[in-house]
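Enquirer: Before I ask anything, here is the structure I am working with.
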RNA sequence: CGGGACGUGGCGCAGCCCGGUAGCGCACCUGAAUGGGGUUCAGGGGGUCGCGGGUUCAAAUCCCGCCGUCCCGACCA
């Protein structure tokens, strides 16, 4: 919920409006865009009937009499149905741009699912926009990629490599696809969010046209962009450890948990009153007092650690007498697991400690990623060694031939995660294609992916 | 669809090889003592052993068939 709210805020700040479009898409809509057909035909959930009928043995079967003339597809993504609507709404360049987002569940019947990372049904947001020019659409696609990156790094403490997808990896029907790629703790890549410049591909199929300023009739330029609950999986696999979840503080539902320590009723009263004081003093910070009776403090410690709460404050009668509290951070750094500190100091520094913890988690994840990123690899044998061994990201030259890309996939299962944006490119740029040794025309990041 | 494994109280598993009528941990209920890192002790409730058939005096256990789940692969924005 916190993640969604934060993203919605940024969508609004960048001029978008939330909307909601239909769940069912007429099959003919999907047929209109050729690449789209190929991309989604193999993984569709299809509605063919509208009624059930009881058989003699008490089972239910689809009533043959209710068979639909045209099947409905449970949306795998909403480009087609949204652009069908956009076409009705746009007449003039004055109606542009259209800037919408929707949160919706979509269905992709993959042969094999993976918890959080590739589920049959998943919740995502999909932004859809229509613009008058290519450049405006391109700027929008890049802007939203930036919003994603800023969110992943700034809120999830999850560093990403951003760049463009190769032709074979781009979205079905897109001109260009941009991506945020994170590295999990097993050194595999996770595509965490994508943004597409769809060009005029969909506009042409759905007659999304407008009268331009100069009086001509032109097709609109579309973008779409999305992140899903896959990010939750990414978060778990980026920060988690053997004790459980590790929540980055800016999206942690509970940032500070307070565990009161007491034995007798009078102590309980005293300590809970102090806990309430602490909560009040930490106004603006998401706190929770674990006042459950019949659970020992130790049991609570383990539970909140497993749930990844960034900080725990313990307070008991002895602490109150001394004006101190016990402070413990989910992932300690240098310090002891528990620190005995003056109450006032802890309360005064909590906001800063949360910020520092975010930075710590981000830096830690970035250091791990960088330690497992390989540059200057110019031998294909060496590349294979890396992929067959520890894995990780390999930055290397590419001749941009689909053959070389395919060979790598066959040999190692690694794929091109992206052609990195300038910020991530190697200096000097790799000269030769990693695979065929011809002159490289671009740099690519290879990795095994989820 | 190909390869592999597994189905036994709510959850996780042992028992199966070598048949004798079901057990452990967690969870749950009751009581008492405990309470600053997963409390302890005592008592208690809960299971068509995935389904069907066969062998046998006797099947969770052996045999045959089926169903289901998971993992690996093919697939995958």
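The values are calculated or read from the model by the stated rules, or taken from the named source; none is laboratory data. Model, not experiment: these values are computed from the prediction. Note: ideal-geometry Cβ built from the backbone for every residue, glycine included; neighbour counts use all protein chains shown.
Enquirer: Exactly one condition in (1) over 22 Å from residue A:392 (Cβ atoms); (2) in contact (Cβ under 8 Å) with a residue 12 or more places away in the chain; (3) surrounded by fewer than 17 Cβ atoms within 10 Å (Cβ to Cβ) is false for residue A:185; which is it?
Expert: Only one criterion in (1) over 22 Å from residue A:392 (Cβ atoms); (2) in contact (Cβ under 8 Å) with a residue 12 or more places away in the chain; (3) surrounded by fewer than 17 Cβ atoms within 10 Å (Cβ to Cβ) is unmet by residue A:185, namely (1).
Enquirer: What's the number of the only condition in (1) at pLDDT below 95; (2) out of contact with any helix residue (DSSP H, G or I) (no Cβ under 7 Å at 6 or more places or on another chain); (3) not in a loop (DSSP other than H, G, I, E, B) that residue A:77 fails to meet?
Expert: Going through the list (1) at pLDDT below 95; (2) out of contact with any helix residue (DSSP H, G or I) (no Cβ under 7 Å at 6 or more places or on another chain); (3) not in a loop (DSSP other than H, G, I, E, B), residue A:77 breaks only (3).
One line per residue, one yes/no per condition, for (1) within 29 Å of residue A:446 (Cα to Cα); (2) crowded, with 24+ Cβ neighbours inside 10 Å; (3) without any contact (Cβ under 8 Å) to a residue 60 or more places away in the chain:
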| position | (1), (2), (3) |
| --- | --- |
| A:173 | yes, yes, no |
| A:209 | no, no, no |
| A:212 | no, no, no |
| A:220 | no, yes, no |
| A:244 | no, no, no |
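Enquirer: Quickly run through the range A:386-419 and pick out the residues that are away from RNA strand B (no atom under 16 Å from the Cβ), buried (at least 20 other Cβ atoms within 10 Å of the Cβ) and under 27 Å from the mean Cα position of the chain (by Cα).
Expert: A:386, A:392, A:393, A:394, A:395, A:396
Enquirer: Here is a list: A:86, A:21. Which entry is in contact with a strand residue (DSSP E or B) (Cβ under 8 Å, 6 or more places away or on another chain), at pLDDT 95 or above and in a loop (DSSP other than H, G, I, E, B)?
Expert: Numbers: A:86 fails: in a loop (DSSP other than H, G, I, E, B).
Criteria check complete, one pass: A:21.
Enquirer: Return the residues of the range A:35-70 that are farther than 30 Å from residue A:202 by Cβ and in a loop (DSSP other than H, G, I, E, B); say none if nothing qualifies.
Expert: Here is the first cut: in the range A:35-70, the ones farther than 30 Å from residue A:202 by Cβ are A:51-66.
Across the range A:35-70, the qualifying residues are A:51, A:55, A:56, A:57, A:58, A:59, A:63.
Enquirer: Right, next: In this structure, does residue A:276 turn out to be over 30 Å from residue A:181 (Cα atoms), at pLDDT 95 or above and surrounded by fewer than 16 Cβ atoms within 10 Å (Cβ to Cβ)? Quick ask: steps written out before the conclusion?
Expert: Details: over 30 Å from residue A:181 (Cα atoms): yes; at pLDDT 95 or above: yes; surrounded by fewer than 16 Cβ atoms within 10 Å (Cβ to Cβ): yes.
So residue A:276 passes the test.
Enquirer: Does the range A:105-112 include one or more residues that are within 15 Å of RNA strand B (Cβ to nearest atom) and at pLDDT 95 or above?
Expert: Within the range A:105-112, the subset within 15 Å of RNA strand B (Cβ to nearest atom) is A:105-112.
This time we only want the ones that are at pLDDT 95 or above, so: none.
Among the residues of the range A:105-112, not one is within 15 Å of RNA strand B (Cβ to nearest atom) and at pLDDT 95 or above, which makes the answer no.
Enquirer: Sticking with this structure for a sec: Pick out the one residue from A:295, A:270, A:235 that is assigned to a helix (DSSP H, G or I) and farther than 19 Å from residue A:318 by Cα.
Expert: Details: A:295 fails: assigned to a helix (DSSP H, G or I); A:270 fails: farther than 19 Å from residue A:318 by Cα.
The match here is A:235.
Enquirer: Further, regarding this structure: Being over 30 Å from residue A:171 (Cα atoms), surrounded by fewer than 20 Cβ atoms within 10 Å (Cβ to Cβ), away from RNA strand B (no atom under 16 Å from the Cβ) and modelled with pLDDT under 95: is that true of residue A:364 here?
Expert: no
Enquirer: Also, I was wondering about something else. Quick one: in the range A:315-353, which of the residues that are in contact (Cβ under 8 Å) with a residue 12 or more places away in the chain and away from RNA strand B (no atom under 13 Å from the Cβ) is farthest from residue A:262 (Cα to Cα)?
Expert: That would be A:333.
Enquirer: If a residue must be at pLDDT below 95 and more than 21 Å from residue A:365 (Cβ to Cβ), how many such residues does the range A:325-338 contain?
Expert: 3
Enquirer: Follow-up. List the number of the failed condition for residue A:306; all other conditions in (1) within 13 Å of RNA strand B (Cβ to nearest atom); (2) surrounded by 15 or more Cβ atoms within 10 Å (Cβ to Cβ); (3) touching a residue at least 24 places away in the same chain (Cβ under 8 Å) hold.
Expert: Only one criterion is unmet by residue A:306, namely (2).
Enquirer: Does the range A:246-260 hold any residues that are outside any strand (DSSP E or B) and buried (at least 18 other Cβ atoms within 10 Å of the Cβ), and which are they? Let's see the steps before the verdict.
Expert: Step one: filter the range A:246-260 for residues outside any strand (DSSP E or B), giving A:246-255.
Result: A:246, A:247, A:248, A:249, A:250, A:251, A:252, A:254, A:255.
Enquirer: Here is a further query. Looking only at the range A:273-286, how many residues end up being part of a loop (DSSP other than H, G, I, E, B) and touching a helix residue (DSSP H, G or I) at 6+ places or on another chain (Cβ under 8 Å)?
Expert: Within the range A:273-286, the first condition is being part of a loop (DSSP other than H, G, I, E, B), and the residues that meet it are A:282-286.
Checking which are touching a helix residue (DSSP H, G or I) at 6+ places or on another chain (Cβ under 8 Å) leaves us with A:282, A:284-285.
Looking only at that region, the number is 3.
Enquirer: Condition first: assigned to a loop (DSSP other than H, G, I, E, B) and over 20 Å from residue A:166 (Cα atoms). Now tell me which residues in the range A:365-375 satisfy that. Talk me through it step by step, then tell me what you get.
Expert: Step one: list which residues in the range A:365-375 are assigned to a loop (DSSP other than H, G, I, E, B), which gives A:372, A:375.
Result: A:372, single match.
Enquirer: While we're on this one: Looking only at the range A:25-36, count how many residues are surrounded by fewer than 18 Cβ atoms within 10 Å (Cβ to Cβ) and closer than 13 Å to residue A:77 by Cβ.
Expert: Final tally of qualifying residues: 1.
Enquirer: What are the residues in the range A:376-410 that are under 20 Å from residue A:180 (Cβ atoms) and part of a loop (DSSP other than H, G, I, E, B), if any?
Expert: Matches in the range A:376-410: A:391, A:392.
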